[in-house]
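Below you'll find the structure, written out as structure tokens, and then a few comments.
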Amino acid sequence: MTLQLEIYTPVQEYLKKEVDMVIVPGKMGELGILPQHTPLLSLLNEGMVKIKTEGKWQEIKISEGYIEVGSNKVTILVDNVLT
Amino acid sequence: MATARDIKRKINSVKNIQQITKAMKLIATTKMQKSQNAIINARPYANSIYHLMSRVLQRSREVYCSLLEKRGEVKVTCFLVITSERGFCGGFNSNVIKAITNLIKDKEKESKNICMLNLGSKGYFYFKRQNYKNIGHYPIQEPIEYSLSQDIGSILIEKYISKEIDEAYITFNEFKSLSTQRVMSLRILPLNIEPEIEEKYVNEYIYEPDPIVLLQTLIARYINIQIHKALLESFAAEQCARMVAMDSATKNAKEMISNLQLNYNRVRQAAITKEISEIIGGREALSI
């Protein structure tokens with residue numbers, strides 16, 4: 001079971017791939033998202049997005065933005081990817 | 001009558017101009033391709049923001065947000081005008097200026113005040129001469145940065161909330177195809193959005209923080225990305241207009257050169273004929 005993760009900024013499609021898990025800096029605290037997560041819409045703080053793909057972790061620094069979790073699909077919208 | 005040397009000189013100068021217009025056309029073509037990519041890259045973000053916003057709106061339609069509500073009495077209308085930094089692009093700037101002038105006439109009939117926010121110097125200098133109130137001027141720099149749109153967006157919202165302006169329109173050349181641009185006028189403040197209705201998961205969503213806060217930040221972002229999109233469209237349209245203008249300039253130069261060449265040949269021939277007849281005349285004078 002995997003999640004479809006998409007990260008968009010106003011100037012590019014930064015990332016689009018299948019991942020196992022993603023941890024994001026939500027406004028109310030860190031959110032860990034696994035497949036089959038319930039639908040969610042949240043503001044994101046500036047911070048690190050951690051992505052787990054096939055057992056490996058990858059980190060991306062982002063500015064403020066949004067996360068939308070739909071049916072096994074995670075869309076992250078940020079103003080800027082800082083790395 | 002022009003001598004052969006004058007004509008030759010003229011041909012050379014037209015040739016130089018032709019080279020310049022040809023180069024300008026090539027530059028515009030590459031810039032246009034780049035800016036087209038930028039438009040495509042901005043699209044998914046813009047669509048997603050719109051999608052999120054209409055979802056939140058649908059969920060909380062009773063939420064009052066001043067940025068969405070039309071004001072009862074509109075006193076000051078703000079026009080955000082996007083023109084180019086440079087000329088040599090056919091009717092690109094004059095089309096926008098004409099459209100704005102018409103809009104202003106309508107607004108002035110209703111005795112409303114007008115103010116301008118200019119993006120691009122061509123429009124700025126024109127409206128400055130017309131003595132319209134100017135609340136900001138930003139030159140358009142390449143590449144077009146998103147941060148510029150963020151700045152403009154926050155200025156507009158600030159002025160809207162402090163009631164310095166009661167509505168805002170953005171006017172720019174839309175990139176329709178390689179050969180056509182169309183002047184577009186959109187109202188960006190207050191926003192008008194029709195929420196999508198077909199979603200089925202609406203009520204199952206968890207919102208963090210609550211929808212009202214989300215909506216306010218989303219609207220600000222939406223305005224920013226609208227401005228950014230308009231800037232990109234206008235830039236692509238400008239390059240297209242320049243491409244077409246420079247292409248026809250190159251063609252005209254070519255035609256002019258061939259006319260001048262014909263003229264040159266004629267004058268040269270006339271000079272030769274004249275010289276021959278002089279020699280013959282001289283010889284005849286001697287033999288008698």
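Kindly indicate which of B:Glu69, B:Glu108 is acidic (Asp, Glu) and either within 14 Å of chain A (Cβ to nearest Cβ) or touching a residue at least 24 places away in the same chain (Cβ under 8 Å) (or both).
Values: B:Glu108 fails: either within 14 Å of chain A (Cβ to nearest Cβ) or touching a residue at least 24 places away in the same chain (Cβ under 8 Å) (or both).
B:Glu69 is the lone residue from the list that is acidic (Asp, Glu) and either within 14 Å of chain A (Cβ to nearest Cβ) or touching a residue at least 24 places away in the same chain (Cβ under 8 Å) (or both).
B:Ser94 - would you say it is out of contact with any Leu (no Cβ under 8 Å at 6 or more places or on another chain) and under 24 Å from B:Ala46 (Cβ atoms)? Break it down stepwise before answering.
On the way: out of contact with any Leu (no Cβ under 8 Å at 6 or more places or on another chain): yes; under 24 Å from B:Ala46 (Cβ atoms): no.
Taking the combined requirement at face value, the residue does not satisfy it.
Answer yes if at least one residue in region B:234-245 is closer than 30 Å to B:Val81 by Cα, polar (S, T, N, Q), within 14 Å of chain A (Cβ to nearest Cβ) and in a helix (DSSP H, G or I), and no otherwise. Before the answer, list the steps.
The initial filter retains those residues of region B:234-245 that are closer than 30 Å to B:Val81 by Cα, namely B:234-245.
Narrowing further to those that are polar (S, T, N, Q): B:234, B:239.
Narrowing further to those that are within 14 Å of chain A (Cβ to nearest Cβ): none.
Within region B:234-245 (the criterion being closer than 30 Å to B:Val81 by Cα, polar (S, T, N, Q), within 14 Å of chain A (Cβ to nearest Cβ) and in a helix (DSSP H, G or I)), the answer is no, since none of the residues qualifies.
Is there any pair linking a residue in region A:16-33 that is surrounded by fewer than 18 Cβ atoms within 10 Å (Cβ to Cβ) to one that is among the hydroxyl-bearing types (Ser, Thr, Tyr) and assigned to a strand (DSSP E or B), with Cβ under 8 Å and at least six apart or on different chains, and which?
Taking only residues 6 or more apart or on different chains, the pairs are A:Lys17/A:Thr53; A:Glu18/A:Thr53; A:Asp20/A:Thr53; A:Lys27/A:Ser42; A:Met28/A:Ser42.
Scan region B:1-25 for residues that are farther than 30 Å from B:Ala271 by Cα and free of Cβ contacts under 8 Å to residues at least 40 places away in the same chain and jot them down. Please lay out each step first, then the result.
As a first pass, look at region B:1-25 and keep what is farther than 30 Å from B:Ala271 by Cα: B:19-25.
Of everything in region B:1-25, those that are farther than 30 Å from B:Ala271 by Cα and free of Cβ contacts under 8 Å to residues at least 40 places away in the same chain turn out to be B:Gln19, B:Ile20, B:Ala23.
When you check B:Tyr124 against the structure, is it modelled with pLDDT of 90 or more and in contact with a His (Cβ under 9 Å, 6 or more places away or on another chain), yes or no? Steps first, answer last, please.
Working: modelled with pLDDT of 90 or more: yes; in contact with a His (Cβ under 9 Å, 6 or more places away or on another chain): yes.
It is true that B:Tyr124 is modelled with pLDDT of 90 or more and in contact with a His (Cβ under 9 Å, 6 or more places away or on another chain).
Quick test of your reading of the structure: B:Ile152 fulfils all but one of (1) modelled with pLDDT of 90 or more; (2) under 30 Å from B:Tyr207 (Cβ atoms); (3) not in a helix (DSSP H, G or I). Name the failing condition by number.
Condition not satisfied by B:Ile152: (3).
Which one of these is under 20 Å from the mean Cα position of the chain (by Cα) and modelled with pLDDT of 90 or more: B:Ser277, B:Ser258, B:Ser234?
Details: B:Ser277 fails: under 20 Å from the mean Cα position of the chain (by Cα); B:Ser258 fails: under 20 Å from the mean Cα position of the chain (by Cα).
Criteria check complete, one pass: B:Ser234.
Could you please find all residues in region A:1-13 being surrounded by fewer than 16 Cβ atoms within 10 Å (Cβ to Cβ) and assigned to a strand (DSSP E or B)? Before the answer, list the steps.
Let us first name the residues in region A:1-13 that are surrounded by fewer than 16 Cβ atoms within 10 Å (Cβ to Cβ), namely A:1-2, A:4, A:13.
Correct list: A:Gln4, A:Glu13.
It is to be established whether one or more residues within region A:40-58 are touching a Pro at 6+ places or on another chain (Cβ under 9 Å), of a type in the set (D, E, K, R), more than 13 Å from chain B (Cβ to nearest Cβ) and outside any strand (DSSP E or B).
yes
With the structure loaded, tell me whether B:Glu198 is out of contact with any helix residue (DSSP H, G or I) (no Cβ under 8 Å at 6 or more places or on another chain), away from every other protein chain (no Cβ under 13 Å), modelled with pLDDT of 90 or more and surrounded by fewer than 19 Cβ atoms within 10 Å (Cβ to Cβ) or whether it fails that test. Write out each step before concluding.
Details: out of contact with any helix residue (DSSP H, G or I) (no Cβ under 8 Å at 6 or more places or on another chain): yes; away from every other protein chain (no Cβ under 13 Å): yes; modelled with pLDDT of 90 or more: no; surrounded by fewer than 19 Cβ atoms within 10 Å (Cβ to Cβ): yes.
When the stated conditions are applied, B:Glu198 does not pass them.
Please determine whether any residue of region B:193-209 is part of a loop (DSSP other than H, G, I, E, B) and of a type in the set (Val, Ile, Thr).
Going residue by residue through region B:193-209, those that are part of a loop (DSSP other than H, G, I, E, B) are B:193-201, B:205, B:209.
From what is left, the residues that are of a type in the set (Val, Ile, Thr) are B:193, B:197.
Yes, region B:193-209 has at least one match.
Checking B:Arg182 against (1) out of contact with any Cys (no Cβ under 9 Å at 6 or more places or on another chain); (2) away from chain A (no Cβ under 14 Å); (3) buried (at least 18 other Cβ atoms within 10 Å of the Cβ), which test does it fail?
(3)
The values are calculated or read from the model by the stated rules, or taken from the named source; none is laboratory data. Remember, predicted model here, so these are calculated numbers, not experimental data. Counting neighbours? That spans all protein chains shown, and the Cβs are built from the backbone with ideal geometry, glycine included.
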